[in-house]
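As structure tokens, the structure follows; a few thoughts come after it.
What follows draws every value from the coordinates through simple rules; no lab data is involved. This one's a predicted model, so the numbers in the text were calculated from it and none came from an experiment. When we count neighbours, we look across all protein chains shown, and the Cβ atoms used for this are built from the backbone with ideal geometry, even at glycine.
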2 protein chains.
Amino acid sequence: MKIKNDILSCRTCVYRQLLFKDLNDFEYKLVNDSRTEMLYKRGEVIKNEGDQVNSFIYLRKGLVKLYKTDSNGKDHILSINRPGDFISLLSIFADEPYRFSIAALEETLVCDVKLDVLQHLIETNGKLAMHLFKKMSQISDEIIENQFEQAQKQVKGRVAHLLLYFANHVYHKNEFYLPLTRREMGELISITTENTIRTFSEYRKDGIIDQQGKTIKILDYDRLVAINKGG
Amino acid sequence: MKIKNDILSCRTCVYRQLLFKDLNDFEYKLVNDSRTEMLYKRGEVIKNEGDQVNSFIYLRKGLVKLYKTDSNGKDHILSINRPGDFISLLSIFADEPYRFSIAALEETLVCDVKLDVLQHLIETNGKLAMHLFKKMSQISDEIIENQFEQAQKQVKGRVAHLLLYFANHVYHKNEFYLPLTRREMGELISITTENTIRTFSEYRKDGIIDQQGKTIKILDYDRLVAINKGG
DNA sequence: TTTTAAGTATGCTATAAATCATCTATTTTT
DNA sequence: AAAAATAGATGATTTATAGCATACTTAAAA
């Protein structure tokens, strides 16, 4: 991890309006001055389960996984997050240490705002509070929706769902470099590494996807949608 | 459903301090005056997926299920909620219709506060906003924790987890009347009705639980904890 | 009260998925 | 650059779970 000194201003941040659009100049300066930026390389752990929560973090660049390790040492990925996702927003007000770990899946730029600054702003700026509530509701809706989708699907359907998720909600195109190992994909959709690999092989054989290493291309989108629906 | 006219005052509500403890007399009156109370019988649907969200609802008495129906007509229960749980709190600010249905599992008394009143209070009372944020974070932590537990368990572990959940977090004792059918339990932990019944039979045979109809008694708590841990 | 429907219970069978084993390819580390 | 570790691939086997069938019981509806 490398702390950046030449940090960018919130004023020029593309994500500013996602969160801080309702701040006046004074409030905005408060955020900007209490802020640090950190750069993480692929594989680096940003937060560890059990760490104290004393800041609100969000991504300006990169991709991360939120995960937990079970009693057998097996990891379970809760979600994959990219800029604009406001990782940890849901959890930071619970007065509890982090209940999951966060690691970078590619070079990731993290913006860190002290929690007491955010808390002060919430208590004094009702518009910001409502904005945050709305964001939290949307995130939780996604979690619930995802849980529901998972519950009704088995291996083939889950892999299809995963591919469609990355195509539609992360990369917004049908060809993308996905910096996840097959094991990590399995950890995300709760199936074994072998079955993840096997299903990819099958989809390749059936001409549903093309794949060169970690670059995936969806060839037959409709078929994938059908598999996703069917289970 | 029956609208109650002899509604109780928020002032005497045991759940008041869970949410509205930071209100002054004027604010408190706002809430109290915009409030309606409704009584639902077992089986009645309180909200339907797709319904417009225009109020914050919470339970004063009873037990409900939050659920969604999939494309095959199969229900999936997202959570079971009791008074104090603030059902729907997470979702109400998303500006979207309900993404799940809510139904009463036993006679349930629902308190309904207009959303615009709550929204106005949030924007003007920072303490209330922070209080709500904290509550939302706690709820989402529970959802995440539950998802994590589910993912690593199979049938026997899931049933054990379910029993421990009701014993520890809902009824706070080892003997309780659980107004859920075996099918509903299966819908909650994503296993078939047959496997739910089979596992109950097995636990009965092994002396882990005793069971008369819907009354369940945990006889060997430690064994259940061990099964829960083991998977 | 009788009829119908829904819930509980169990055995059997089919199927899906995990586990185990082995091999090759690709990264990472030294 | 060589060695070691990790990732990807695939077949064979075992295990877990779903699905189907059927009987009995309890609750709801006519």
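At a glance:
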{"quantity": "From B:Val159, B:Val113, residue being within 16 Å of DNA strand C (Cβ to nearest atom), among the β-branched types (Val, Ile, Thr) and buried (at least 18 other Cβ atoms within 10 Å of the Cβ)", "calculated": "B:Val159"}
{"quantity": "Some residue of the stretch B:131-149 being buried (at least 21 other Cβ atoms within 10 Å of the Cβ) and polar (S, T, N, Q)", "calculated": "yes"}
{"quantity": "Near pairs, Cβ below 7 angstrom, 6+ apart or cross-chain, from the stretch A:179-200 (closer than 13 Å to A:Ile77 by Cβ and more than 14 Å from chain B (Cβ to nearest Cβ)) to any residue that is hydrophobic (A, V, I, L, M, F, W, C) and near DNA strand C (Cβ under 10 Å from one of its atoms)", "calculated": "A:Arg182/A:Ile197; A:Thr196/A:Val159"}
{"quantity": "Count of residues meeting criterion [away from DNA strand C (no atom under 13 Å from the Cβ) and over 30 Å from A:Gln154 (Cα atoms)] in the stretch B:170-219", "calculated": "12"}
{"quantity": "Single unsatisfied condition, B:Val170 versus (1) within 16 Å of DNA strand D (Cβ to nearest atom); (2) away from chain A (no Cβ under 14 Å); (3) β-branched (Val, Ile, Thr)", "calculated": "(1)"}
{"quantity": "Extreme residue, nearest to the chain's Cα centre (by Cα), among residues of the stretch B:145-166 that are hydrophobic (A, V, I, L, M, F, W, C) and either more than 8 Å from chain A (Cβ to nearest Cβ) or closer than 15 Å to B:Ser91 by Cα (or both)", "calculated": "B:Phe166"}
{"quantity": "Count of the stretch A:53-88 residues which are touching an Asp or Glu at 6+ places or on another chain (Cβ under 6 Å), touching a residue at least 60 places away in the same chain (Cβ under 8 Å) and buried (at least 18 other Cβ atoms within 10 Å of the Cβ)", "calculated": "5"}
{"quantity": "Residue satisfying all of: in the stretch B:26-78; farther than 26 Å from A:Lys153 by Cα and within 14 Å of chain A (Cβ to nearest Cβ); farthest from DNA strand D (Cβ to nearest atom) among these", "calculated": "B:Glu27"}
{"quantity": "Residue identified as surrounded by fewer than 16 Cβ atoms within 10 Å (Cβ to Cβ) and not hydroxyl-bearing (Ser, Thr, Tyr) among B:Met1, B:Met38", "calculated": "B:Met1"}
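A quick yes/no check of all residues on (1) closer than 29 Å to A:Glu149 by Cβ; (2) part of a loop (DSSP other than H, G, I, E, B):
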residue: B:Lys29; (1), (2): no, no
residue: B:Ile80; (1), (2): yes, no
residue: B:Asp85; (1), (2): yes, yes
residue: B:Arg99; (1), (2): yes, yes
